[in-house]
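See below for the structure under consideration.
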Amino acid sequence: ELTPNKYPFPPYAEYRDKSTRQEIETRRLQDSQTDPEESSPSEETPSEAEPTSTTENKAAPQINLLRNSNSRFNLWQDLPEIRSSGVLSILQPDEIKLQEAMFELVTSEASYYKSLNLLVSHFMENERLKKILHQSEAHILFSNVLDVMAVSERFLLDLEQRVEENIVISDVCDIVYQHTVSHFSVYITYVSNQTYQERAYKQLLQDKPAFREVISQLELDPKCKGLSFSSFLILPFQRITRLKLLVQNILKKVEEKSERETTALDAHKELETVVKACNEGVRKMSRTEQMISIQKKLEFKIKSVPIISHSRWLLKQGELQQMNGPKTSRTLRTKKLFREIYLFLFNDLLVICRQIPGDKYQVFDSAPRGLLRVEELEDQGQSLANVFILRLLENADDREASYMLKASSQSEMKRWMISLAPNRRTKFVSFTSRLVDCPQIQCVHPYVAQQPDELSLELADVLNILDKTDDGWIFGERLHDQERGWFPSSMGEEILNPKIRAQNLKECFRVHKSDDSQRRKLGSRNRQ
C-alpha cells in the first residue's frame with residue numbers, strides 16, 4: 001500500500017507548473033537557434049560512448065527509485081542509482097530522452113496522488129467541515145474523489161513496480177493503456193460533475209460563513225503550499241488531460257514502427273476517448289441549462305422555433321448594429337444609420353432578435369446555420385469600418401434575406417464571420433488541411449475562455465494561427481487536440497523558426513496517425 005509521505009514530491013499543481021515552464025524555455029531556446037537539432041541545456045546528455053555491453057548486463061534491478069527519501073531529482077539521469085550504474089555511458093541520447101519522458105509520467109503521478117491524498121485527508125475528512133456540510137452538499141463538492149484516488153493508487157503501484165523491475169524502464173504506456181481501459185471511467189464521473197461542484201462551492205461560500213472560515217483556515221496550512229481549495233478540486237480534470245500530453249511526449253521519442261510506438265499510440269487513443277467524454281460531460285451539463293435560460297428570454301414575432309434540443313448548443317451571442325437600407329444624403333442626417341439587433345447563433349441555427357424591456361428578446365428572423373453566407377465589406381471610411389454582409393439563403397419566410405451588420409471592432413467582426421460561416425477560408429492555411437507551413441504560437445500565459453467561441457489555453461500549448469486581427473486577437477487551432485477558438489495574442493509567443501514549426505507538425509501527424517487510419521478504414525467501410 002502507498003503512503004503519501006513515501007513520495008517527497010511537491011504538490012501536483014506546483015510540479016505541473018514547473019514542468020510546463022521548462023517545456024516553454026526549451027522551445028524558446030530551440031526557436032532562437034538556427035538548427036533545432038542542437039540539444040537544449042535541459043536535454044544535455046553524457047558523451048556518446050559506443051555500447052560495450054548490453055543494457056541488461058549493466059542494469060541493476062530492484063532499485064526503489066521512488067522510495068528514495070532524499071529524492072529531489074526531477075530527472076531520471078540525476079538519480080544516484082543511475083549515475084553510479086554506468087548505464088548513461090551505454091545508452092544512446094535518444095533513449096535517455098525517452099527514459100526521461102517515461103520517468104516524468106511516473107513521478108508526476110506520484111505528485112498528483114500526494115495532492116489527491118491531501119484533498120481527502122486535509123479537507124474532505126476534516127471534522128469541523130463534516131459538521132458544517134450536509135451529506136448531499138459534501139457529495140456534490142467532493143463527488144467520487146475517493147474512487148479517483150483509489151484508481152490513482154493502483155495505477156501508481158503498477159508504475160512503481162515497473163520502475164523497480166529494471167534500472168532502465170522498459171515501457172509505461174502498456175500500463176497506461178490497461179488502466180485507462182479498465183479504471184479511468186471514474187474521471188468522467190468526477191469531471192462531469194464540475195458544473196454542479198463549482199456552483200455548490202460558490203453557494204456555500206456565500207450562504208455559510210462557518211464554511212468560508214474553515215476553508216480559509218485549512219488553506220493557510222503550510223501543507224497546502226499556498227494553493228486554494230478549488231485548485232485541489234480541479235486536479236482530476238487537469239491530470240487526465242496532462243496524462244494524454246505525457247503519453248504524446250513519449251510517443252514523440254519512441255522509435256517509429258516499434259512495439260513501444262504501438263503501445264504509446266494505443267494508450268493515447270484510449271486517453272483521448274476519456275478526455276473527450278470528460279469534456280462532453282462538462283459541456284452537456286452547462287449547455288442544457290444555458291438553452292433553458294435562452295428559451296425563457298425569447299418571444300417570437302415570426303413562427304415560433306423550438307429552441308431546446310439535445311443536439312443544439314450556443315456558439316455565440318451578442319449585439320451588432322444593423323445598417324438601414326439605402327437612403328439619400330438628406331435623410332442620412334435626419335435618420336439613424338444603424339440600429340441595434342441581437343444574434344443568438346447555435347451550432348445549427350441562427351436567431352435574429354431585437355432586445356425589448358425586461359431582459360427579453362423579440363425574434364424577427366431565423367435561418368439554419370448551413371444556409372448562412374458572409375462577406376467582408378471593403379473598408380469605406382469610418383462609418384463603414386468593421387461592416388460585413390450576412391446573407392440568409394433561406395430565412396423564416398423561406399426567402400433570401402440580406403443584412404448589413406457593423407461590429408464594435410475588427411476582432412468582433414472576424415469572430416462573427418468565422419462563427420457564422422465556419423467553412424470560410426481563414427487568412428492562414430489550416431493545419432487540418434495537411435498543407436505546408438503555417439504560423440505557430442506557444443502559450444506562455446494560461447487563458448480561461450470568456451465566450452463560447454474562445455479557447456482556454458494551458459501553459460506550453462502549441463497552436464497554429466489560422467487568423468489574427470490588428471486589435472490583438474488570434475484564431476488558433478491547438479495541435480494536440482485540433483480544438484479551435486479565439487484568444488488574446490498577448491497569451492503567447494510566436495514560433496519563428498520554420499524547422500521547429502515543421503517538427504511540431506510532424507510530431508502532431510505522428511500522434512494522430514492512428515486516428516487517421518481508423519477514419520480512413522471507417523470511411524471505406526461506409527462507402528461500401
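From the residues in the stretch 312-330 that are surrounded by fewer than 17 Cβ atoms within 10 Å (Cβ to Cβ) and either assigned to a loop (DSSP other than H, G, I, E, B) or among the β-branched types (Val, Ile, Thr) (or both), which one is modelled with the lowest pLDDT?
The qualifying residue modelled with the lowest pLDDT is Thr328.
Would you point out the residue of the stretch 115-150, among those that are assigned to a loop (DSSP other than H, G, I, E, B) and more than 27 Å from the chain's Cα centre (by Cα), that is farthest from Cys278 (Cα to Cα)? Explain how you work it out, then say what you get.
Within the stretch 115-150, the first condition is being assigned to a loop (DSSP other than H, G, I, E, B), and the residues that meet it are 125-126, 133-134, 143-144.
Checking the rest, the ones that are also more than 27 Å from the chain's Cα centre (by Cα) come to 125-126, 133-134.
Numbers: Glu125: 26, Asn126: 29, Leu133: 27, His134: 27 Å.
That would be Asn126.
Which members of the stretch 448-466 meet the condition of being in contact with a Ser or Thr (Cβ under 6 Å, 6 or more places away or on another chain), part of a strand (DSSP E or B) and open to solvent by 10 Å² or more (accessible area, probe 1.4 Å)? Talk me through it step by step, then tell me what you get.
Looking only at the stretch 448-466, we keep the residues that are in contact with a Ser or Thr (Cβ under 6 Å, 6 or more places away or on another chain), and these are 448-449, 453, 459-460, 466.
Cutting the leftovers down to part of a strand (DSSP E or B) gives us 466.
Matches in the stretch 448-466: none.
Please pick out the residue among Asn504, Asn497 that is open to solvent by less than 50 Å² (accessible area, probe 1.4 Å), touching a Pro at 6+ places or on another chain (Cβ under 8 Å) and at pLDDT below 95.
Exactly one residue qualifies, and that residue is Asn497.
Is at least one residue of the stretch 42-53 modelled with pLDDT of 50 or more, among the small types (Gly, Ala, Ser) and in a helix (DSSP H, G or I)? Full working, then the answer.
Applying the first criterion (modelled with pLDDT of 50 or more) to the stretch 42-53 yields none.
No, the stretch 42-53 has no match at all.
Could you please tell me which pairs satisfy a Cβ distance under 8 Å, a separation of 6+ or placement on different chains, a first residue in the stretch 454-475 that is over 26 Å from Ser19 (Cα atoms) and touching a residue at least 40 places away in the same chain (Cβ under 8 Å), and a second residue that is in a strand (DSSP E or B) and open to solvent by 30 Å² or more (accessible area, probe 1.4 Å)?
Pairs found: Leu466/Arg484; Phe475/Lys468; Phe475/Arg484.
For the stretch 182-210, which residues satisfy the criterion of being hydroxyl-bearing (Ser, Thr, Tyr) and either in contact with a strand residue (DSSP E or B) (Cβ under 9 Å, 6 or more places away or on another chain) or without any contact (Cβ under 8 Å) to a residue 40 or more places away in the chain (or both)?
Here is the first cut: in the stretch 182-210, the residues hydroxyl-bearing (Ser, Thr, Tyr) are 182, 185, 187, 189-190, 192, 195-196, 201.
Hit for the stretch 182-210 is Ser182, nothing else.
Can you give me the number of residues within the stretch 209-234 that are hydrophobic (A, V, I, L, M, F, W, C) and either closer than 22 Å to Cys173 by Cβ or assigned to a loop (DSSP other than H, G, I, E, B) (or both)? Explain how you work it out, then say what you get.
Filtering the stretch 209-234 for residues hydrophobic (A, V, I, L, M, F, W, C) gives 210-211, 214-215, 218, 220, 224, 227, 229, 232-234.
Subset that is either closer than 22 Å to Cys173 by Cβ or assigned to a loop (DSSP other than H, G, I, E, B) (or both): 220, 227, 234.
Qualifying residue count for the region: 3.
Testing Tyr361 on (1) touching a helix residue (DSSP H, G or I) at 6+ places or on another chain (Cβ under 9 Å); (2) surrounded by 14 or more Cβ atoms within 10 Å (Cβ to Cβ); (3) under 16 Å from Tyr403 (Cα atoms), one condition comes back false. Which one is that?
Result: Tyr361 passes all but (3).
Could you grab me the full set of residues in the stretch 126-146 that are acidic (Asp, Glu) and buried (at least 16 other Cβ atoms within 10 Å of the Cβ)? Even if it seems obvious, please write down each step before you answer.
As a first pass, look at the stretch 126-146 and keep what is acidic (Asp, Glu): 127, 137.
The one that is acidic (Asp, Glu) and buried (at least 16 other Cβ atoms within 10 Å of the Cβ): Glu137.
Just to verify a result, which residue in the stretch 276-307, among those that are aliphatic (A, V, I, L, M) and more than 27 Å from the chain's Cα centre (by Cα), is least open to solvent (accessible area, probe 1.4 Å)? Please lay out each step first, then the result.
Step one: filter the stretch 276-307 for residues aliphatic (A, V, I, L, M), giving 277, 282, 285, 291-292, 294, 298, 302, 305, 307.
Applying the additional criterion that residues be more than 27 Å from the chain's Cα centre (by Cα) yields 298, 302, 305, 307.
Working: Leu298: 18, Ile302: 38, Val305: 34, Ile307: 1 Å².
Only one residue tops the list, namely Ile307.
What tally of residues in the stretch 75-86 results from selecting those that are in a helix (DSSP H, G or I) and surrounded by fewer than 22 Cβ atoms within 10 Å (Cβ to Cβ)?
We begin by selecting, within the stretch 75-86, every residue in a helix (DSSP H, G or I); these are 76-78, 80-85.
Still in the list and also surrounded by fewer than 22 Cβ atoms within 10 Å (Cβ to Cβ): 77-78, 80-81, 83-85.
Residues flagged as in a helix (DSSP H, G or I) and surrounded by fewer than 22 Cβ atoms within 10 Å (Cβ to Cβ) within the stretch 75-86 amount to 7.
Given the residues Glu100, Glu160, which is the only one that is in contact with a Phe, Trp or Tyr (Cβ under 8 Å, 6 or more places away or on another chain), touching a residue at least 12 places away in the same chain (Cβ under 8 Å) and in a helix (DSSP H, G or I)? Explain how you work it out, then say what you get.
Values: Glu160 fails: in contact with a Phe, Trp or Tyr (Cβ under 8 Å, 6 or more places away or on another chain).
Sole residue among the options that is in contact with a Phe, Trp or Tyr (Cβ under 8 Å, 6 or more places away or on another chain), touching a residue at least 12 places away in the same chain (Cβ under 8 Å) and in a helix (DSSP H, G or I): Glu100.
Consider Lys336 carefully, then state whether it is at pLDDT below 90 and among the basic types (Lys, Arg). Give the derivation first.
On the way: at pLDDT below 90: yes; among the basic types (Lys, Arg): yes.
Taking the combined requirement at face value, the residue satisfies it.
Go over the candidates Phe155, Phe123 one by one and state the one that is open to solvent by less than 10 Å² (accessible area, probe 1.4 Å) and farther than 30 Å from Thr262 by Cα. I'd like the intermediate steps shown before the answer.
On the way: Phe155 fails: farther than 30 Å from Thr262 by Cα.
The match here is Phe123.
For the stretch 170-183, does any single residue satisfy the condition of being over 27 Å from the mean Cα position of the chain (by Cα) and either of a type outside the set (Phe, Trp, Tyr) or over 25 Å from Lys244 (Cβ atoms) (or both)?
yes
Would you check if Glu255 is modelled with pLDDT under 95, open to solvent by 40 Å² or more (accessible area, probe 1.4 Å) and out of contact with any Cys (no Cβ under 6 Å at 6 or more places or on another chain)? Steps first, please.
Values: modelled with pLDDT under 95: yes; open to solvent by 40 Å² or more (accessible area, probe 1.4 Å): yes; out of contact with any Cys (no Cβ under 6 Å at 6 or more places or on another chain): yes.
Here the answer is yes, as Glu255 does meet what is asked.
The values are calculated or read from the model by the stated rules, or taken from the named source; none is laboratory data. Just so we're clear, the structure is a prediction, and the values are computed from it rather than from any experiment. Please note: Cβ atoms are built from the backbone with ideal geometry, for glycine as well, and neighbour counts cover all protein chains shown. What goes into the accessible areas is simple: the full protein's heavy atoms, side chains included, and nothing from ligands, DNA or RNA. Shrake-Rupley method; radii C 1.70, N 1.55, O 1.52, S 1.80 Å.
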